[in-house]
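The block underneath contains the structure these notes are about, expressed in structure tokens.
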Amino acid sequence: MLDEIRVDDAVFDLRPDFAVLAMTAHGLTNGPTDDRSRAWLAAASACEPQPEKIDAWKDAYRGFGAKPQRTRPSVDALTRRMPLPEINLVVDAYNTVSVRHALPIGGEDLDRYDGPARLVRAAGDEASEEALGTPEPGEVIWRDDTGVTCRRWNWRQVARTRLTEETVNALFLLERLEPMTLEELKEAGEELADLLTRLSPDVRIATRVIASGK
């Protein structure tokens, strides 16, 4: 699965500084928020804001014609929801890392995915859920063989691949723009892997970084 994930050259043309750390986690045990994940969320909520990282994502949105005040990058929307919401153990874990690093992170249920994930600029005719609407031509989207999985880079995910308390196998997409370094991106991946391992000691985790020219 990891080897098949790809980012279109058109996305790198738009933002050569883009990189994504893709992580698969097999054998998760998810469940409702508990004292462990509640403490993670509380600690992340107390972190200092990092507006320069969020501003980079706003610029990226403007680059393909989106208005970031109307459809906010996921990390911008998340950091405006303090204290952080309680969702479920696995989502709490990646939201914690997202806010700590001002880093957009998507979580997908691998068992509901159809083919490999790829980040592309939309043609405008991709199948999408009614609640999200059809992507506009040139919009940056994540998709699989069925259709859109996340609109406007990381704005909003479809319900089809959402992580639930029944999720066992997951794909996480940690998305970086400068000024975040590749080293910090990898550190964030290690932090997420650590939290997932605390939740599910037998989880099997693999990662791959995809960047321009690599």
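The values are calculated or read from the model by the stated rules, or taken from the named source; none is laboratory data. Computed from a predicted structure; not experimentally measured. Positions of Cβ are backbone-derived with ideal geometry, glycine not excepted, and every protein chain shown enters the neighbour counts.
Residues that are modelled with pLDDT of 95 or more and under 16 Å from R151 (Cβ atoms): does segment 6-13 have at least one? Talk me through it step by step, then tell me what you get.
As a first pass, look at segment 6-13 and keep what is modelled with pLDDT of 95 or more: 6-13.
Restricting the remaining residues to those that are under 16 Å from R151 (Cβ atoms) gives 8, 11.
There is at least one residue in segment 6-13 that is modelled with pLDDT of 95 or more and under 16 Å from R151 (Cβ atoms).
Here are some residues: A159, A170, A211, A206. Which one is farther than 22 Å from D114 by Cβ and either among the aliphatic types (A, V, I, L, M) or surrounded by 16 or more Cβ atoms within 10 Å (Cβ to Cβ) (or both)?
Numbers: A159 fails: farther than 22 Å from D114 by Cβ; A170 fails: farther than 22 Å from D114 by Cβ; A206 fails: farther than 22 Å from D114 by Cβ.
The conditions single out A211.
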Report yes if some residue within segment 119-133 is in contact (Cβ under 8 Å) with a residue 12 or more places away in the chain, under 25 Å from R204 (Cα atoms) and not polar (S, T, N, Q); otherwise report no. yes
How many residues are without any contact (Cβ under 8 Å) to a residue 24 or more places away in the chain and outside any helix (DSSP H, G or I) if we restrict to segment 162-194? 1
Have a look at E52, E48 and point out the one that is among the acidic types (D, E), in a helix (DSSP H, G or I), over 17 Å from the mean Cα position of the chain (by Cα) and at negative phi. E52
Residue within segment 56-66 that is more than 25 Å from L132 (Cβ to Cβ) and among the acidic types (D, E) present: no
Considering segment 173-199, residues that are hydrophobic (A, V, I, L, M, F, W, C) and within 26 Å of R15 (Cα to Cα), and then whichever is surrounded by the most Cβ atoms within 10 Å (Cβ to Cβ), we arrive at L192
Among residues belonging to segment 1-48 that are over 15 Å from W153 (Cα atoms) and free of Cβ contacts under 8 Å to residues at least 12 places away in the same chain, point out the one that is surrounded by the most Cβ atoms within 10 Å (Cβ to Cβ). A39
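Quick one: which of G115, G138, G124, G107 is assigned to a strand (DSSP E or B) and not β-branched (V, I, T)? Let's see the steps before the verdict.
On the way: G115 fails: assigned to a strand (DSSP E or B); G138 fails: assigned to a strand (DSSP E or B); G124 fails: assigned to a strand (DSSP E or B).
The match here is G107.
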